[in-house]
Structure formats: structure tokens, C-alpha cells
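This report refers to the structure that appears directly beneath it.
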Amino acid sequence: MTTPTPPILFISDAVTDTTDFPDRGHSLTIDSGWREAADTALTWLPRQGL
């Protein structure tokens with residue numbers, strides 16, 4: 001018998017954002033076109049003051 005894991009709920013001040021990369025899968029950082037994902041992240045960081 002297994003016990004369901006209760007959801008973990010917490011409040012966070014973390015800033016998040018989403019970007020869609022059409023025709024890409026979960027391994028977008030190691031597939032061809034990874035530079036677009038990296039450039040997107042590197043552009044996002046300074047906008048967040050990081």
C-alpha cells in the first residue's frame with residue numbers, strides 16, 4: 001500500500017517567466033538550436049537585475 005504524497009505549497013519571491021521554443025523538446029539545451037535558448041536566458045537575467 002502506498003501513501004499519496006501531499007502537495008507542497010509555499011510562497012516564493014522567485015521571478016519566473018516562460019518562453020516557447022516551437023518545434024523543440026525537453027532537451028532544448030543540448031539539441032541543435034541550444035544557442036537560442038541560452039541567448040534567451042542570458043537576455044532575461046539582466047532584465048531581472050541579475
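Could you list, in sequence order, the residues of region 23-43 that are open to solvent by less than 70 Å² (accessible area, probe 1.4 Å) and within 14 Å of the chain's Cα centre (by Cα)?
GLY25, SER27, LEU28, ALA37, ALA38, THR40, ALA41, listed by residue number.
Is it the case, given these coordinates, that PRO46 is loosely packed, with under 10 Cβ neighbours inside 10 Å and not in a loop (DSSP other than H, G, I, E, B)? Considered against the rule, which asks whether it is loosely packed, with under 10 Cβ neighbours inside 10 Å and not in a loop (DSSP other than H, G, I, E, B), PRO46 comes out as yes.
A Cβ distance below 7 Å, combined with a sequence gap of six or more or placement on separate chains, defines the contacts here; from region 1-16, residues that are within 28 Å of ARG47 (Cα to Cα) reach residues that are of a type outside the set (Val, Ile, Thr) and modelled with pLDDT of 70 or more in the pairs VAL15/GLN48. Pairing residues of region 18-29 that are on the phi > 0 side of the Ramachandran plot with residues that are assigned to a loop (DSSP other than H, G, I, E, B), at Cβ distances under 9 Å and at least 6 apart in sequence or on separate chains, gives ASP23/GLY33.
The values are calculated or read from the model by the stated rules, or taken from the named source; none is laboratory data. Bear in mind that the values here come from a model prediction, so they are computed numbers and not experimental data. Reconstructed Cβ throughout: ideal geometry from the backbone, glycine too, with neighbour counts over all protein chains shown. To get the accessible areas, we keep the full protein, side chains included, count just its heavy atoms, and leave off ligands, DNA and RNA. Shrake-Rupley method; radii C 1.70, N 1.55, O 1.52, S 1.80 Å.
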